[in-house]
Amino acid sequence: MSQSADLLDCLVVGAGPAGLTSAVYLARFRRRLRLVDAGESRVQWIPRTRNVLGFPDGIGGTALLARMREHAACYGIEPWAARVASLARDDEGIFEAAMEGSGAIVRARTVILCTGATDIPPDIEGLDAGLRCGNVRYCPVCDGFETQHQRVAVLGREEHGLREALFVAGFDNEVTWLSMGTRQDVDSAAGERLAACGVRVANGQPRRIACSPGEGIAVHMEDGASLNFDVLYPALGQRHASALATALGARAGEDGQLEVDAHQRTAVPGLWAAGDVAQGLNQINVAAGQAAIAATSVHNFLGQP
């Protein structure tokens with residue numbers, strides 16, 4: 001396939017922190033790029049983050065995303081609202097991305113996937129209201145510091161739920177592991193660790209939660225019991241949006257996170273990944289750092305503009 005004028009240097013898929021950072025770097029490298037976004041960044045769900053330097057009082061996720069978009073706009077970057085339905089690579093190594101619905105095709109020499117991940121929600125009533133109130137949260141790495149001296153519940157099965165309960169217990173709070181009937185599936189040594197950290201265990205199944213701002217959250221169990229907390233962390237894992245890459249032969253872990261090298265390259269030549277879809281700690285700061293590495297690697301791979 002000939003390299004016609006419509007051929008981009010790079011297609012960036014996803015306009016969260018990783019995608020926007022990638023696009024800014026590429027634009028400053030004077031590369032021809034397009035940023036495609038389906039509008040599903042998890043940043044929008046963050047009530048307030050205090051881990052991003054420069055915002056000592058914290059900043060809401062939507063406000064942070066708006067600032068990032070404003071920064072990108074300084075370099076003429078406007079995310080195209082579309083979803084990539086499929087990604088193919090021809091014999092010459094050129095990528096073709098087909099957009100869902102419109103059938104539009106974008107051709108690029110390289111691709112950076114910044115498609116992120118989604119948290120697996122528990123099947124209980126009242127979850128969305130809890131998220132809006134700020135009583136239900138998904139990331140103790142992000143905001144565990146703010147739970148100090150509070151009543152915190154961790155909802156998760158087996159080892160995953162147990163590990164998160166132990167992690168949260170490190171913030172000097174009162175922790176209960178809602179083990180969803182899996183307490184007996186972890187060994188006695190794990191039980192001893194829970195006891196040593198003062199973590200309580202409630203082994204029943206939660207059916208409904210109720211909350212109001214400033215008043216905590218009530219978890220109603222299937223046996224009729226009602227447990228009261230200040231914060232609830234669901235810990236049921238994540239789904240990583242890596243199908244576009246794995247369909248081309250990229251490798252991923254059991255959880256779907258893409259395997260990348262030190263330059264954020266996947267196993268597919270010309271295909272990079274950054275942010276939550278790639279291996280690493282799922283954090284805004286990490287996503288931005290991975291994106292900087294990926295974009296610089298793409299620039300060096302392409303040679304002189």
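For the chain, what is the per residue volume of the convex hull drawn over the alpha-carbon atoms, in cubic angstrom?
Values: hull volume 43.5 nm³, N = 305.
Hull volume over Cα atoms, normalised by residue count, gives 143 Å³.
Rounded to two decimals, what ratio of Rg to Rh does the stretch 121-234 give with C-alpha atoms and a Kirkwood Rh? Could you put the intermediate results ahead of the total?
Values: Rg = 12.9 Å, Rh = 13.8 Å.
Using only Cα positions, Rg/Rh for the stretch 121-234 is 0.94.
Show log10 I(q)/I(0) for the stretch 208-279 at q = 0.18, 0.26, 0.29 Å⁻¹, two decimals, from a solvent-free Debye sum over equal Cα scatterers.
Once normalised to I(0) and log-transformed, intensities are -0.67, -1.11, -1.26.
Give me the angle, in degrees from 0 to 90, between the Cα long axis of helix 17-28 and the longest principal axis of the Cα atoms of the chain, rounded to the nearest 10.
20
Run the helix sum for the chain: -39,500 (n - 2.57) per DSSP H stretch of 4+ residues, divided by residue count, reported at 222 nm to the nearest 500 deg cm²/dmol.
Rounded to the nearest 500, it is -7500 deg cm²/dmol.
With springs only between Cα atoms under 10 Å, which of GLU96, GLU78, GLU146 fluctuates most in a Gaussian network model of the chain?
Highest fluctuation of the listed residues: GLU146.
Which of the three applies to the stretch 49-196, rounded, prolate or oblate, going by the alpha-carbon gyration tensor with a ≥ b ≥ c and a/c under 1.5 meaning rounded?
It comes out prolate by the Cα gyration axes.
Only bridges with both residues in the stretch 121-234 count here: give the DSSP antiparallel percent, nearest 5. Walk me through the intermediate numbers first.
Working: 9 of 23 bridges.
So the antiparallel bridges amount to about 40 percent of the total.
Highest first, please rank the peptides 150-159, 295-304 by the mean number of other Cβ atoms sitting within 10 Å of their residues.
On the way: 150-159: 20.4, 295-304: 16.5.
Put in order of decreasing packing, that is 150-159, 295-304.
Only the coordinates and a few stated rules stand behind these numbers; no lab work does. Computed from a predicted structure; not experimentally measured. Here Cβ is always computed from backbone atoms with ideal geometry, including for glycine, and neighbour counts include all displayed protein chains.
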